[in-house]
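Working notes for the structure below.
The values are calculated or read from the model by the stated rules, or taken from the named source; none is laboratory data. In this text, all values refer to a predicted model and were calculated from it rather than measured experimentally. For neighbour counting, all protein chains shown are included, and Cβ atoms are generated from backbone atoms with ideal geometry for every residue, glycine included.
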Amino acid sequence: MNVINLEKTDSMVNNYMAELRDAHVQQRRLLFRENLRRIARCMAYDLSKTLHYAPREVRTPLGIRAVRQLSDRVVVGTVLRAGLAFHEGFLDVFDSADAGFVAAYREEGSADHISIHLDYLAAPHLEGSTFLLVDPMLATGGSLVAAHQAFLRAGHPANLHICCAIAAPEGIARLQEAFPGDDVTLWVAAVDDHLNENAYIVPGLGDAGDLSFGEKLSFKP
Ligand code: PRP
Ligand code: URA
């Protein structure tokens, strides 16, 4: 798996990331979601430079112009619920993409003992697609690995890009294990230090789902 870390280049992504992490600024929920969305738009734009394009002609009011347009069939898949704002940013750029959703949540626990619950899958046909699996937080990696497995029920993509805002080294290692080849790319906007005993990214930003939508209650099935 290739890893591309946008933080290594100075850009506005680093400004949005700073606001996202700031314990004071992040209390403004609309701004928190908007920052996730802005980071996603920037990441999607960079990622778009690696895709395939084909020549076409477009008719303007004054003539015909040769252009190049995306020829990959892009599908954006996300993990509910923290992934929603991030997902919107990708759809802002890939405006004709199909979208897929899987619901997953972590049974809170210690970093080496956390189980993932998956209970909803809505996905378009993925066979042969360029699949962008997007989730702002890559902590243990358990959610993304489980989500990817679930999405495979809809077919095997030709290309896989995994996109996250903040990644922990432990999560990157877990994905490297799951995707040892260089045909998968992980895009991140920052790599942080480590996971704490509750599998939260340190320094991270806290709980992305709660900051986006409010604290959730716990329901036992
Ligand atoms: C967050 C995030 C990821 C997951 C990452 O979701 O959106 O899906 O944590 O953690 P992992 O890499 O250890 O699996 P969370 O489980 O907090 O659920 P939520 O979206 O409902 O808030
Ligand atoms: N999910 C979050 O929202 N934050 C973390 O730090 C880890 C998982």
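Observations on the model:
- Of all residues in the range 184-211, those being near ligand 2 (Cβ under 9 Å from one of its atoms), modelled with pLDDT of 95 or more and of a type in the set (S, T, N, Q) number 1.
- Number of positions in the range 134-161 that are within 16 Å of ligand 2 (Cβ to nearest atom) and at negative phi: 13
- Out of Gly181, Gly214, Gly171, one residue alone is over 17 Å from the mean Cα position of the chain (by Cα) and at pLDDT 95 or above. It is Gly214.
- Filtered residue count, the range 182-199, keeping only those that are crowded, with 19+ Cβ neighbours inside 10 Å and within 11 Å of ligand 1 (Cβ to nearest atom): 2
- Residue within the range 118-128 that is surrounded by fewer than 16 Cβ atoms within 10 Å (Cβ to Cβ), within 10 Å of ligand 1 (Cβ to nearest atom) and under 21 Å from Glu215 (Cβ atoms) present: no
- Some residue of the range 134-157 being surrounded by fewer than 21 Cβ atoms within 10 Å (Cβ to Cβ) and acidic (Asp, Glu): no
- Whichever residue in the range 83-113 is in contact with a Ser or Thr (Cβ under 6 Å, 6 or more places away or on another chain) and under 20 Å from Ser218 (Cβ atoms) and, among such residues, is farthest from ligand 1 (Cβ to nearest atom): Glu107
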